[in-house]
Amino acid sequence: MTPETRQSEGVSHQNGLEQAIDQYKQSEYFFALSRNTQVSYNHDLTQFQEEYCQVHNIMSPDQLTPEDVTNWGDQLRQNGYSPATINRKRASLSGFLEVAQAEGIIRLDFKKSLPKYESVGKRQPGILSDEQVDSLISKAKNLRDDSLILIALATGATITEIVNLNAEDILRTEDGNTSIRFKGIVHKTRPRTSVVDKKVGSVISEHIKDSGLKPEDPLFKEGHKGSRLTRNLVWFMLRDYGREIGVKNLNARMLRNTFIARFPGTEQQLNEVLGRTSFGPATLFPKSFQTM
């Protein structure tokens, strides 16, 4: 649907650009993002509309130019935003522009003309040492926490995939190992099955038995409530464990990074194990970290 068609319908006081952004926020692409990302992108796009587009009388998507994106970045910089924050706001806008470009609302070469992201300097991604991994596992207060941490370290699955597991997704292989059936995340990771060793499998099995879980029950529940454990609660849980083992801001991404850093295979093999939907650069760490 073109901006002109939307404007002619007269069903809303919104201009064409606002309607196009609202349609993006209701699209499958937007809902494939995590809840936290959706909140951030929503705020960023609203800020772009109100603080830039309205001021410059940009009323429809086809009025946007790559220069507007550059000028928006300059305005953010002048207002004291850090390069990292500017890049995130650019990424929020980029998500909308990709969909608008795919639907023919803006010209096809639009994104090719966009300015490069600002350099924020290279930061060493958080990786746990062998000693820290052992300490973290030893500090687990119960079988639930122990199982969750071991699954993250043994499979590299995202925390969303892990908290979405049910008891029936834990399967026994013919050779006595345990396989975990991940459902995947739309547009991000594919459904797949990951095999873990007998030690990890035995902890998970003990957790299922001790908790009296039925096949359809969430593998990880929130205390006495019995509801599915949320990503936010996992964040708090790992933060507390991080304090105990002396790792500042321990989080699920750090567990995933540790798996990636230790993975002994090729990039292609790593992408398959992680279920990546598109194969980008997989070597996130220096070669010195690519060993077990």
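The values are calculated or read from the model by the stated rules, or taken from the named source; none is laboratory data. This one's a predicted model, so the numbers in the text were calculated from it and none came from an experiment. As a convention, Cβ positions derive from the backbone with ideal geometry for all residues, glycine included, and neighbour counts pool all protein chains shown. With ligands, DNA and RNA removed, areas are computed over all heavy atoms of the protein, side chains included. Shrake-Rupley method; radii C 1.70, N 1.55, O 1.52, S 1.80 Å.
Over 32 Å between C-alpha atoms is what I'm after, so list which of Lys214/Lys248; Lys188/Lys214; Lys89/Lys141 land there.
Details: Lys214/Lys248 36 Å; Lys188/Lys214 29 Å; Lys89/Lys141 39 Å.
Lys214/Lys248; Lys89/Lys141, as the Cα separations exceed 32 Å there.
Could you work out how far apart the two model spin labels at Lys25 and Asn42 are, taking each label as a point 7 Å from the Cα in the direction of the beta carbon, and quote it in nm?
So the two model labels end up 0.7 nm from each other.
At most 11 other Cβ atoms within 10 Å and a DSSP loop assignment: could you name the GluC sites (Glu not before Pro) in segment 160-210 that fit?
Details: sites: Glu161, Glu168, Glu174, Glu206; in loops: Glu174.
Listed in order of number, the matching sites are Glu174.
Given labels modelled 7 Å from the Cα in the Cβ direction, how far is it in nm from Asp134 to Asp169?
Result for the modelled spin labels: 3.1 nm.
Quick one: length gained pulling Arg107 to Asn232 fully straight, 0.36 nm per residue minus the C-alpha distance? Kindly include the intermediate steps, with their values, before the conclusion.
Numbers: separation 125, 0.36 × 125 = 45.00 nm, distance 3.95 nm.
Extra length available between Arg107 and Asn232 comes to 41.0 nm.
Enter the Cα centre distance for the pair segment 129-201 and segment 220-280, rounded to the nearest angstrom.
9 Å
Report in % the part of the accessible area of segment 44-109 that belongs to carbon and sulfur, leaving out ligands and nucleic acids; probe 1.4 Å.
Working: 1440 of 3090 Å².
Answer for segment 44-109 is 47 percent, counting heavy atoms of protein chains only.
Can you list the chymotrypsin sites (Phe, Trp or Tyr not before Pro) in segment 141-245 that are in a DSSP coil and have 13 or fewer other beta carbons within 10 angstrom? All intermediate terms of the calculation are to be shown ahead of the outcome.
Values: sites: Phe182, Phe220, Trp235, Phe236, Tyr241; in loops: Phe220.
Here no loop site has a sparse enough neighbourhood.
For the charge dipole of segment 141-260, defined by +1 on Lys and Arg C-beta atoms and -1 on Asp and Glu C-beta atoms about the Cα centroid, which residue among Ser179, Trp235, Ala154 has the Cα displaced farthest towards the positive pole?
Working it through, the farthest residue towards the positive pole turns out to be Trp235.
Probe of 1.4 angstrom, ligands and nucleic acids ignored: what's the accessible area per residue over segment 15-57, in square angstrom?
On the way: 2190 Å² over 43 residues.
Normalised by residue count, the accessible surface of segment 15-57 is 51 Å².
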